[in-house]
Amino acid sequence: MRGYRGPGRGRRPLGKIATAVFVIIAAPVVADYVNGWMKAEGDCRLVRVIDGDTIAMTCAEASQTRLRLSGIDTPELRGGCWQERLLAARASLFLRWKLYRAGQVEVMLSGETDRYDRGLGRLLLDGRAASGHLLDAGLARPYLRGDRPWCDQLKGVPA
């Protein structure tokens, strides 16, 4: 016969940890989806934020499911250094926060695609381009053709 082991002793915390991880991962996706459908104007609806310059969307008349914000470049979540990955996470969270705070969200497609077959266009938050918010916050840079490594720029090496 086993005696009393005290509060929480002998219990497996795996269930609580798994629940917390699920909430951390699922909550932003669900919030993006609900937020995008409630505030969207026009034929396209935001489904989720993929990273600082890419969103997933559904459009009535377009086959594109991903939109790349025109004119900016944000760091990659799978970047080459920890500074880039950290800045990429900040850019994604910042865009998600701006979407949450916006009263009106509008997706404007340009009709062009990038090399990854993402639609190019603009995301307007209360009439202002989301790319402008990201640039002002220092979480994006103007897009220039060709790949310029973020890690070099973040470590102070001239690009």
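So the values come out like this:
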read-out	value
Wholly within the range 40-111, strands (runs of 3 or more DSSP E) carrying at least 1 residues that are more than 23 Å from Arg141 (Cα to Cα) and modelled with pLDDT under 90	44-51, 54-59
Residue satisfying all of: in the range 112-129; surrounded by fewer than 15 Cβ atoms within 10 Å (Cβ to Cβ) and out of contact with any Gly (no Cβ under 8 Å at 6 or more places or on another chain); farthest from Arg45 (Cα to Cα) among these	Arg115
Residue match in the range 95-112 (condition: hydroxyl-bearing (Ser, Thr, Tyr) and within 14 Å of Ile50 (Cα to Cα))	no
Number of positions in the range 60-97 that are surrounded by fewer than 20 Cβ atoms within 10 Å (Cβ to Cβ), more than 10 Å from Trp150 (Cα to Cα) and touching a Pro at 6+ places or on another chain (Cβ under 7 Å)	2
Residue list for the range 106-137, restricted to those being in contact with a helix residue (DSSP H, G or I) (Cβ under 9 Å, 6 or more places away or on another chain) and within 14 Å of Pro75 (Cα to Cα)	Leu134, Ala137
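The values are calculated or read from the model by the stated rules, or taken from the named source; none is laboratory data. Just so we're clear, the structure is a prediction, and the values are computed from it rather than from any experiment. Using ideal geometry, Cβ is built from the backbone for each residue, glycine included, and neighbour counts are taken over all protein chains shown.
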